[in-house]
1. Determine the sum of side-chain charges near Ser62: Lys and Arg each +1, Asp and Glu each -1, restricted to other residues whose C-beta is under 11 angstrom from that of Ser62.
2. Once you've got the GNM for the chain with C-alpha springs shorter than 10 Å, pick whichever of Asn73, Asn30, Asn83 has the biggest mean-square fluctuation.
3. Which chymotrypsin sites (Phe, Trp or Tyr not before Pro) does segment 15-121 hold that lie in a coil by DSSP with at most 10 other beta carbons within 10 Å?
4. Taking θ = phi - 60°, what integer Hz values does the Karplus form 6.51 cos²θ - 1.76 cosθ + 1.60 yield along segment 92-105, in sequence order, with x for Gly and Pro?
5. In terms of Cα to Cα distance under 28 Å, which lysines are near enough to Lys75, apart from those fewer than 8 places away along the same chain?
6. Connecting C-alpha atoms closer than 10 Å in a GNM of the chain, tell me which of Gln44, Gln81, Gln58 has the biggest fluctuation.
7. Restricting to segment 26-97, what percent of DSSP beta bridges are antiparallel, rounded to 5?
8. What are the residues whose amide H is under 5 Å from the amide H of Val48, where those residues sit 5 or more places off or on another chain and H is modelled from the backbone?
Amino acid sequence: QVQVVESGGGLVQPGGSLRLSCAASGSIFNIYFTAWYRQAPGKQRELVASMTSGGSIQYEDSLKGRFTISRDNAKKTVYLQMNSLKPEDTAVYLCDFRIATTASYIPQDYWGQGTQVTVSS
């Protein structure tokens with residue numbers, strides 16, 4: 001059993017910053033991949049940033065330079081630092097861990113519940 005819990009969303013003014021956290025817990029054997037997605041009302045879910053277990057990072061092109069993904073392996077936590085936020089960044093942000101559990105050893109995706117980020121004056 002794996003639990004994924006996000007935190008850190010909220011209301012921020014344009015130009016402000018937020019740091020999202022996402023922690024995985026439970027019967028984890030290995031974490032292969034982590035990613036942040038977002039979904040705005042009426043839009044498709046889009047990949048914001050991802051990080052492999054080896055540390056390779058990818059960003060959605062338009063977000064490079066403003067968003068930074070990082071992780072704390074000991075805490076099984078991934079972070080998304082968001083700077084210079086714009087109203088168009090308003091969305092529900094979801095994290096995804098690709099995890100093999102001690103029960104199955106087969107990697108599968110575990111999602112958080114989502115955290116709302118609203119950028120507005």
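The values are calculated or read from the model by the stated rules, or taken from the named source; none is laboratory data. Just so it is clear, the model here is predicted, and its values are computed rather than measured. Reconstructed Cβ throughout: ideal geometry from the backbone, glycine too, with neighbour counts over all protein chains shown. To get the accessible areas, we keep the full protein, side chains included, count just its heavy atoms, and leave off ligands, DNA and RNA. Shrake-Rupley method; radii C 1.70, N 1.55, O 1.52, S 1.80 Å.
1. Details: positive: Lys64, Arg66, Lys86; negative: Glu46, Glu60, Asp61, Glu88, Asp89.
Once all neighbours under 11 Å are counted, the net charge is -2.
2. It is Asn73.
3. On the way: sites: Phe29, Tyr32, Phe33, Trp36, Tyr37, Tyr59, Phe67, Tyr79, Tyr93, Phe97, Tyr105, Tyr110, Trp111; in loops: Tyr105.
Taking segment 15-121 and a limit of 10 other Cβ atoms within 10 Å, the loop chymotrypsin sites (Phe, Trp or Tyr not before Pro) found are Tyr105.
4. 8, 9, 10, 10, 9, 10, 9, 10, 9, 8, 6, 7, 10, 6
5. Lys64
6. Among Gln44, Gln81, Gln58, the largest GNM mean-square fluctuation belongs to Gln44.
7. Working: 21 of 22 bridges.
Antiparallel: roughly 95 percent of the beta bridges in segment 26-97.
8. Trp36, Tyr37, Arg38
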